[in-house]
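Worksheet: one structure, shown below.
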Amino acid sequence: MKRSKKRVVTSSIVALSLATTLAGCSGGNNSPVVEGTQTEASAPAGTNVEPLTLTYFSEDSSTNWNNMQDEVGKIITAKTGVTLDAEFAVGDPVQKISLIAATGKYPDLIAAKADVGKLVDAGAVLDLTDLIDKHAPSIKKMLGDKLVRTKYSLDDPSIYAIPTWSAVEEKKIKADGGFELQHRVVREAGYPEIRTVKDFEKVIQDYITKHPTDENGNKNIGFSLNADDWHMYQVTNAGFQTTGGPDDGEYYIDQQTHQATYHFRRPEEKEYFRWLNHMNDIGLLDPESFIQKTDQFKAKVASGRVLGLADPEWDYGDAQNALKAEGKFDQTYGHYPVTLSKEYKDTSFWPAGFDGGYGISISSKCKDPVRAIQFLDFLASEEGQILNNWGIEGKHYTVENGKRTLIPAVQERMNQDGASFQKESGTGLYWNLMVHYGDGIQDSTGNYFTRNYPEQLTATYSEPEKEALKAYNAEHWKDLFPQEEEFQPRAYGAAYTMSLPSDDPAVILGVKMKDITWKRIPEAVMSKPEEFDSVWEAYMAELEKAGVKEMEAAYTEHIQNRIKLWSGK
């Protein structure tokens, strides 16, 4: 898309206000400036730490947010002077972003993910190119030659968001997806191979036949889904995940031609949803899967009655932590690379490289863009990343003989009561505000940035988890999954991280397809088996009538343009 006249005017106004801000911060103001040596709770020399509250909206929830009154948050404020007045999406985050764009009431910082296009069209967010260049040395250094991947589009190479979701570099060792089974379920089954949906189904069926209720007489649930509002994506993503497709959002991208197909139109995915229909028919699928709210879903998981899941750990993690807090470790979950049949590979570890997509934007009405970027730059610094991931030296971790290690009592609290510990300490709470390195990457001291390295991850495992891993001859759950080197790199990263203008055909038609899909998928899954094919055929016909092929063509063009932008060709 060519830049609109509206956007150019907005950028000019922003540039003028920014110049004023820069002049005000250049040394002639009365803002407190820290001088001298740095201490645990003081800022680096020369840093402006005048108290500043920045408003912040995020599309992602943050259950344990504590208004930066946690231990890590207080140090971040001491280092930067900044406190966040934060709001997190409740319900559909897309509606909230649309409202922000329409009303012109912009928070200082906005984490809008793929919906940033609506904010760009409204002139609601700044081009961060100059701010990064002049005031964000840590962000600039970390991104390096990957900075091109943060640019908005081939036609508009502005940087509207600092990428926070995708790690700049990563060597993942932790599995947090796939299909999940309680450790007691696979133990009773004798730790059989869990490779296909039929394997998954069998161990659940065998267990629930022997144990229809829990120790309190409450009915055990074979398999439950969280389809509440946007969580429906977690339900439907399993369609491509079980049939060999990487996570490219709502599309399947041909790796040779880079043609985009609305992934539900693949015949193999129809068979996955037929299996869900079968699970419903035999009584193993929670009948409330498509009507329950997220808190109801989590309450079921926390009760220990849900034997199997197909849900990312970040979604059910709070409920699993509740089980750990009660000592019910055999009712927590292991991760399995389940696919429709053995002809497919689980794609959980298909690398996308650095996406440069989802992230955090500074609004055009930010009260102090320079302080805002400096705040984000501190979080991106080596010090900020270590603080977020590990906490405070001497309180949460120690360094002995050059090796950083969690204090045993802290590790125990993380294992048994992770949610309350995070709310109190703030460790791991700020990762989606920062450009960061991922698992397996070492800092300047030779220690890992994150706590997810082999030895530390092993320390988090409960006895039932260790027993299950040993039975499968695995050190970590990732060992059960196809590894990164088994997949070819994706030239476009992860397709779902692309931000498109709100008037783009792929966006407009995508809303129609979503509405159709979110109606038809539950209908197909919950229908009588003999009616499944007719419901599915009606679903496919409705997509075509609504313009799915036009949408696919538009998205294909964006994919191919992203490849051109990133390659410089």
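Asp533: of a type in the set (Asp, Glu), assigned to a helix (DSSP H, G or I), within 25 Å of the chain's Cα centre (by Cα) and farther than 29 Å from Ala491 by Cβ, yes or no?
Judged against the criteria, Asp533 is not a match.
Can you confirm whether Gly117 is of a type in the set (Gly, Ala, Ser) and modelled with pLDDT of 90 or more? Break it down stepwise before answering.
Numbers: of a type in the set (Gly, Ala, Ser): yes; modelled with pLDDT of 90 or more: no.
Judged against the criteria, Gly117 is not a match.
Go through (1) in contact (Cβ under 8 Å) with a residue 40 or more places away in the chain; (2) farther than 30 Å from Ala122 by Cα and name the single condition Thr398 misses.
It fails just one condition, (1).
The rows are residues; the columns are (1) modelled with pLDDT under 95; (2) assigned to a helix (DSSP H, G or I).
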site: Ile362; (1), (2): no, no
site: Lys367; (1), (2): no, no
site: Ile373; (1), (2): no, yes
site: Gly384; (1), (2): no, yes
site: Leu387; (1), (2): no, yes
site: Val399; (1), (2): no, no
site: Thr405; (1), (2): yes, no
site: Gln411; (1), (2): yes, yes
site: Asn415; (1), (2): yes, yes
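Any idea which of Glu455, Glu465 is assigned to a helix (DSSP H, G or I), at pLDDT below 95 and not assigned by TED's automatic domain parsing to the domain that holds Tyr555?
The conditions single out Glu455.
Could you tell me whether the stretch 441-448 includes any residue that is surrounded by 18 or more Cβ atoms within 10 Å (Cβ to Cβ), assigned to a loop (DSSP other than H, G, I, E, B) and of a type outside the set (Val, Ile, Thr)? Steps first, please.
Let us first name the residues in the stretch 441-448 that are surrounded by 18 or more Cβ atoms within 10 Å (Cβ to Cβ), namely 448.
Those left that are additionally assigned to a loop (DSSP other than H, G, I, E, B): none.
Checked against the condition, which is being surrounded by 18 or more Cβ atoms within 10 Å (Cβ to Cβ), assigned to a loop (DSSP other than H, G, I, E, B) and of a type outside the set (Val, Ile, Thr), the stretch 441-448 yields no hits at all.
It is to be established whether one or more residues within the stretch 100-114 are assigned to a helix (DSSP H, G or I), touching a residue at least 24 places away in the same chain (Cβ under 8 Å) and surrounded by fewer than 21 Cβ atoms within 10 Å (Cβ to Cβ).
There is at least one residue in the stretch 100-114 that is assigned to a helix (DSSP H, G or I), touching a residue at least 24 places away in the same chain (Cβ under 8 Å) and surrounded by fewer than 21 Cβ atoms within 10 Å (Cβ to Cβ).
Determine, yes or no, whether Asp503 is at pLDDT 95 or above, loosely packed, with under 15 Cβ neighbours inside 10 Å and not aromatic (Phe, Trp, Tyr). Explain how you work it out, then say what you get.
Details: at pLDDT 95 or above: no; loosely packed, with under 15 Cβ neighbours inside 10 Å: yes; not aromatic (Phe, Trp, Tyr): yes.
Here the answer is no, as Asp503 does not meet what is asked.
Being over 23 Å from Pro137 (Cα atoms), in contact with a helix residue (DSSP H, G or I) (Cβ under 9 Å, 6 or more places away or on another chain) and not in a helix (DSSP H, G or I) is the requirement here; does Lys395 meet it?
yes
Among the residues in the stretch 397-408, are any surrounded by 18 or more Cβ atoms within 10 Å (Cβ to Cβ) and under 21 Å from the mean Cα position of the chain (by Cα)?
Within the stretch 397-408 (the criterion being surrounded by 18 or more Cβ atoms within 10 Å (Cβ to Cβ) and under 21 Å from the mean Cα position of the chain (by Cα)), the answer is no, since none of the residues qualifies.
Is it the case that some residue within the stretch 198-208 is farther than 30 Å from Ala494 by Cβ and in a loop (DSSP other than H, G, I, E, B)?
no
The values are calculated or read from the model by the stated rules, or taken from the named source; none is laboratory data. Predicted, not measured: the structure shown is a model, and the values here were computed from it. Counting neighbours? That spans all protein chains shown, and the Cβs are built from the backbone with ideal geometry, glycine included.
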